[in-house]
1. Can you give the log10 of the normalised intensity I(q)/I(0) at q = 0.17, 0.26, 0.28 Å⁻¹, computed with Debye over equal Cα scatterers of the stretch 67-139?
2. For the stretch 49-153, which GluC sites (Glu not before Pro) pass both filters: DSSP loop (anything but H, G, I, E, B) and at most 14 other C-beta atoms within 10 Å?
3. If you average the C-alpha positions of the stretch 124-144 and of the stretch 92-116 separately, how far apart do those two centres end up, in angstrom?
4. Counting alpha carbon pairs within less than 8 Å and at least 6 residues apart, what relative contact order, in whole percent, applies to the stretch 3-174?
5. Per the Debye formula with a single identical scatterer at each Cα and no solvent contribution, what log10 I(q)/I(0) holds for the stretch 1-108 at q = 0.09 Å⁻¹?
6. Quickly estimate the mean residue ellipticity at 222 nm for the chain, helices only: each DSSP H run with n ≥ 4 gives -39500 (n - 2.57), and the total goes over all residues, rounded to 500.
7. Of Ala54, Thr95, His38, which is farthest on the positive side of the dipole of the chain, counting Cα position, with +1 on Lys and Arg Cβ, -1 on Asp and Glu Cβ, and the Cα centre as origin?
8. Translational diffusion coefficient, Stokes-Einstein: compute it for the chain using the Kirkwood radius over C-alpha pairs as Rh, at 37 °C and 0.692 mPa s, and state it as an integer in µm² s⁻¹.
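Computed from the coordinates by the stated procedures, all read-outs in this text should not be read as laboratory data. Here the structure is a predicted model, which means the values were calculated and not measured. Cβ: placed from backbone, ideal geometry, glycine included. Neighbour counts: every protein chain shown.
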Amino acid sequence: MKKVLVHTCCAHCAAYTVEHWRQQGYDVGGLWYNPNIHPYTEHQQRKESMKSLAQEIDLPLIVAGGYDIIEYFRRVVGDESQRCRHCFDLRLSKTAEMARENDFNAFTTTLLISPQQEHDIIRETGTKIAGEHGPEFLYADLRKRYSESRHMTKSLNLYRQQYCGCIYSEWERYTNVKIE
Ligand code: SF4
C-alpha cells in the first residue's frame with residue numbers, strides 16, 4: 001500500500017484531509033512541524049489539539065523535535081511580503097525529509113484545504129522540493145471541504161485558533177494592517 005505523510009497545520013484542517021487521502025487508498029501518517037506558529041504557547045495549544053485528533057482518528061503522528069522559530073525568522077525578516085513562500089518552503093522541506101526517512105512514497109499538506117492559503121505557491125513549492133529530493137508531492141484542491149472538515153472536529157471541542165500562525169498574521173487579524 002502506498003504511504004503518504006501529511007504535514008498538519010492544525011486539527012481542524014487535518015480532519016477531512018486525512019480522510020481524503022485514506023479514500024484515495026493511501027496509508028496516511030501525519031507530521032507536526034510548525035515553527036511559524038507564534039507565540040510558543042499558541043504553538044503548544046495547536047499541537048495538543050492535533051495530538052488529540054490523531055488519537056481520535058487513529059492517525060500515526062510524528063512530532064518533529066524542537067521549535068525552529070529562529071530559522072523561521074532568519075528566512076522571513078527583510079522579506080516579509082514573501083513570508084508565506086518561506087513558511088511553506090520551511091515546512092514542506094521538513095515534511096519531505098521526514099517522509100524520506102520514514103519510507104513514505106509521497107508527502108502533502110493540510111494547507112491545501114484552507115481557502116486562506118495561496119495554493120499556487122504551495123503547489124509550486126511542494127513540486128520544487130519533490131523534484132530536488134523526492135518523494136512525490138501530492139496536490140489536491142480540497143478548499144470546498146473546508147467547512148466539512150471543521151464540522152468533523154466540532155464535537156471534539158478542540159482549541160480553535162483565531163489567526164494563521166505567525167506574529168505578522170496575528171497583527172493583521174486584529175487590525176487593518178496589511179503587511180506588504
Ligand atoms: S501568514 Fe500563515 S502561511 Fe503566511 S507566513 Fe504567517 S503563518 Fe506562514
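1. -0.63, -1.20, -1.27
2. Numbers: sites: Glu56, Glu71, Glu80, Glu97, Glu101, Glu118, Glu124, Glu132, Glu136, Glu148; in loops: Glu118.
Sparse-neighbourhood loop GluC sites (Glu not before Pro): Glu118.
3. 8
4. Working: 253 pairs, mean separation 54.5, N = 172.
About 32 percent, as a whole number.
5. The Debye formula, applied to the Cα set alone, gives -0.23.
6. Values: 7 runs with 89 residues, N = 180.
It lands at -15500 deg cm²/dmol.
7. Ala54
8. Values: Rh = 16.4 Å.
My calculation gives 201 µm²/s for D.
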